[in-house]
Amino acid sequence: MKCILMNKNTEVLVAEYDSATSGFTHVYEVKNIDFAPYIIKSFYSKGIDNTTFRTNLSVWFKARGIPSWRDKLDILLHRLNISAPGELLDKAFGLSLSDQYWLKPYDSNVSYDSINFFDNDFEDVEFTEASLSNSSKIITNEASLKTPNNTTDGMLKKAWIIENGTRYLLKAGYKNETLQPFNEVLASEICKRLGFNHVEYKIDIYKDMVVSKCPCFITKDTEFITCNQIKSSMKRHNNINDYEDYIRVLEENGIANAREKMENMYILDFLIMNEDRHLNNFGIIRDVNTLKWLDVAPIFDNGQSLNIKYYDEDEVHISGSGRLFYEVQSFGEIIKLVKNIKRIDITKLEGLTEWFSELLHEYQDLTGYSDTRIARLCFIIDSQISKLKKLINV
Ligand SMILES: Nc1ncnc2c1ncn2[C@@H]1O[C@H](COP(=O)(O)OP(=O)(O)O)[C@@H](O)[C@H]1O
Ligand SMILES: [Mg+2]
């Protein structure tokens, strides 16, 4: 299919898209490279040959689809009646709720306004059921495959829904674990108390299953650009220098208090012992009309925390490592990154563990958590708060 890669209303390039391989077989013309996905622009600027450019474009587009490591992907594909996530990519023009890129068939006059998922409702019931529930029902309604769920990243089972006009992302736990949604809510509470810009997660129940629910943090005028993409245009030195370079790039592009905002994320990670802050779990927001960098993206995806992988009913484990930029590091090392830790008003966290304990107890019927497990989770938080307090008070 000959098509135009669009960024909202701007034509980026004209190319031939092959549905069978979910890739591009030819690029006819580059029209507006500045409006291309950040990573594509940065490859293009390096002056690569046509074939490599086309390959990079295909890799980028394929990566918009549901990843091969999505929890229970085989079951999801069966329920969607397809054999690979790539099959979904051109069902809804490749549109997403995290950016504004889409493929416009070359001879069509379809407009962004008439198809984008921010303004136009989508059928969310069947995909949500296929993704989150145990129902083995196979989707037969073709409209259920025309949704922003075709372009979600990440390991956890998830689904976009619409409630009273707002787009929310529902995320389940990994396999039989149910702690991720609670960790998301805990992270929101900490961020709220400490004044960190964050995505607000709440607990929701979907067919007796605990999930987290958060509103979309992107609008029709913005896109989320991951740190991973931004890093692709930077020279690589070593981890700390690259972290510093990243902050410098953000500042040069006009993002105010970039360092403090990055540090806030790492302070949160220290407090909840988040192990999953890889380079696709943070980034920036850019205006798609002006290409102006607006801000650091609000803190999101904090579920892989509180020693989730190592729970043991007999013993308390406070182990595990976090991510400091692209390296795995101990939390003790990560917190050293914060230049002025005394700016944190730790008294704002008083009563946090009691609040979390109450929340976990409230859902015990559904999660089956023992009182011991709840006490241990709270113990970990208390222990991290105490460590932070010590660092603040030296
Ligand atoms: N609230 C949101 N609004 C817009 N995009 C989001 C939102 N939450 C997540 N995303 C996008 O979806 C991707 C997957 O979500 P994430 O929470 O990281 O899931 P996972 O825990 O499976 O990694 C993110 O990397 C981001 O691109
Ligand atoms: Mg993620």
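Annotations
- Candidate set: segment 286-305, residues that are within 11 Å of ligand 1 (Cβ to nearest atom) and not aliphatic (A, V, I, L, M); chosen: the one farthest from residue 182 (Cα to Cα): 298
- Unmet requirement for residue 142, which otherwise passes all of (1) touching a helix residue (DSSP H, G or I) at 6+ places or on another chain (Cβ under 8 Å); (2) of a type outside the set (Val, Ile, Thr); (3) surrounded by fewer than 16 Cβ atoms within 10 Å (Cβ to Cβ): (1)
- Tally of residues being open to solvent by 30 Å² or more (accessible area, probe 1.4 Å), in a loop (DSSP other than H, G, I, E, B) and not basic (Lys, Arg) across segment 21-72: 8
- For segment 252-261, a residue qualifies if it is loosely packed, with under 14 Cβ neighbours inside 10 Å and farther than 17 Å from residue 197 by Cα, and the qualifying residues are 252, 254.
- Residue list for segment 358-376, filter: surrounded by fewer than 17 Cβ atoms within 10 Å (Cβ to Cβ), assigned to a helix (DSSP H, G or I) and in contact (Cβ under 8 Å) with a residue 24 or more places away in the chain: 359, 366, 372
- If you filter segment 153-165 down to residues that are more than 10 Å from ligand 2 (Cβ to nearest atom) and in contact with a strand residue (DSSP E or B) (Cβ under 8 Å, 6 or more places away or on another chain), you find that the one that is nearest to residue 177 (Cα to Cα) is 157.
- Only a single criterion out of (1) free of Cβ contacts under 8 Å to residues at least 60 places away in the same chain; (2) within 16 Å of ligand 1 (Cβ to nearest atom); (3) open to solvent by 50 Å² or more (accessible area, probe 1.4 Å) is not satisfied by residue 155, namely (1).
- Candidates 132, 73, filtered to the one that is farther than 25 Å from residue 41 by Cβ and either away from ligand 1 (no atom under 16 Å from the Cβ) or without any contact (Cβ under 8 Å) to a residue 60 or more places away in the chain (or both): 73
- For segment 253-285, filtered to residues that are within 20 Å of residue 332 (Cβ to Cβ) and assigned to a loop (DSSP other than H, G, I, E, B), the residue that is farthest from ligand 1 (Cβ to nearest atom) is 273.
- Close pairs (6 angstrom Cβ cut-off, 6 or more residues apart or separate chains): free of Cβ contacts under 8 Å to residues at least 40 places away in the same chain and part of a loop (DSSP other than H, G, I, E, B) in segment 302-324, away from ligand 2 (no atom under 16 Å from the Cβ) and of a type outside the set (Phe, Trp, Tyr) anywhere: 317/307
- Failed item, numbered, when residue 186 is tested on (1) in contact (Cβ under 8 Å) with a residue 60 or more places away in the chain; (2) outside any loop (DSSP other than H, G, I, E, B); (3) open to solvent by 40 Å² or more (accessible area, probe 1.4 Å): (3)
- The one condition in (1) among the aliphatic types (A, V, I, L, M); (2) surrounded by fewer than 22 Cβ atoms within 10 Å (Cβ to Cβ); (3) touching a helix residue (DSSP H, G or I) at 6+ places or on another chain (Cβ under 8 Å) that residue 170 fails to fulfil: (2)
- Within segment 286-298, considering residues that are part of a loop (DSSP other than H, G, I, E, B) and hydrophobic (A, V, I, L, M, F, W, C), the one surrounded by the fewest Cβ atoms within 10 Å (Cβ to Cβ): 291
- Residue identified as open to solvent by less than 20 Å² (accessible area, probe 1.4 Å), touching a residue at least 40 places away in the same chain (Cβ under 8 Å), of a type in the set (A, V, I, L, M) and in contact with a strand residue (DSSP E or B) (Cβ under 9 Å, 6 or more places away or on another chain) among 334, 344: 334
- Which numbered condition residue 353 fails, given (1) of a type outside the set (Gly, Ala, Ser); (2) assigned to a helix (DSSP H, G or I); (3) open to solvent by 40 Å² or more (accessible area, probe 1.4 Å): (3)
- Scope segment 95-130; condition open to solvent by less than 10 Å² (accessible area, probe 1.4 Å) and in a helix (DSSP H, G or I); matching residues: 112, 127, 128, 130
Here is a yes/no grid of residues against (1) among the hydrophobic types (A, V, I, L, M, F, W, C); (2) over 27 Å from residue 297 (Cα atoms):
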| site | (1), (2) |
| --- | --- |
| 84 | yes, yes |
| 92 | yes, no |
| 97 | yes, no |
| 123 | no, yes |
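The values are calculated or read from the model by the stated rules, or taken from the named source; none is laboratory data. Nothing here was measured: the structure is a model prediction, and the numbers come from that model. Positions of Cβ are backbone-derived with ideal geometry, glycine not excepted, and every protein chain shown enters the neighbour counts. Just the protein is used for accessible areas: all its heavy atoms, side chains included, with ligands, DNA and RNA removed. Shrake-Rupley method; radii C 1.70, N 1.55, O 1.52, S 1.80 Å.
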